[in-house]
Amino acid sequence: MGYQVGNQCFTSIEAAENQYFSAVAPAVSAGGELIKPEYSGTQWILNGTVIHAQLPPCDPEQNLKDGMELGWLLFGIMAVLYGFKWIKGLMR
């Protein structure tokens, strides 16, 4: 089981959180203070508080199976189109 960030599936929570929090854009508070998550080498911190992301689960093997299924579907469509072209050539 992995952790999904965008369209990527990470096997470790550390890598997933690094990807997730590094993509967060900094914001400016009403007082003009810059607010952004910072990595301390082992954990992510926001305004002195350790933060963790609630990321949806994913399965890298299922992603591979889905990709293979889509690839075979496209291959089948291309084979049918090639067959039609070949038959059309024989009819001339």
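A short reminder: the numbers here are calculations on the coordinates, not readings from a lab. Please read these numbers as outputs of a predicted model, since none were measured by experiment. Positions of Cβ are backbone-derived with ideal geometry, glycine not excepted, and every protein chain shown enters the neighbour counts.
For the reader, a short list of remarks on this structure follows.
- Of the residues 29, 75, 45, the one whose Cα sits farthest toward the positive end of the charge dipole of the chain, with +1 on the Cβ of Lys and Arg and -1 on the Cβ of Asp and Glu, is 75.
- Degrees between helix 60-91 axis and first principal axis of the chain (Cα, 0 to 90, nearest 10): 30
- Here the peptides 28-38, 54-64 are ranked by packing, the mean other Cβ count within 10 Å, and the order with the highest first is 54-64, 28-38.
- Note on the chain: the C-alpha convex hull projects to 10.2 nm² when averaged across all orientations.
- 3J(HN,Hα) from dihedral phi, segment 20-31, Karplus parametrisation 6.51/-1.76/1.60, rounded to Hz, x for glycine, proline: 5, 6, 6, 8, 6, 7, x, 10, 10, 6, 4, x
- Across segment 1-58, Cα pairs under 8 Å and at least six residues apart give a relative contact order of 34 percent.
- Karplus-derived 3J(HN,Hα) values for segment 39-46, using 6.51 cos²θ - 1.76 cosθ + 1.60 with θ = phi - 60°, are 9, 9, x, 10, 8, 9, 10, 10 Hz; glycine and proline are entered as x.
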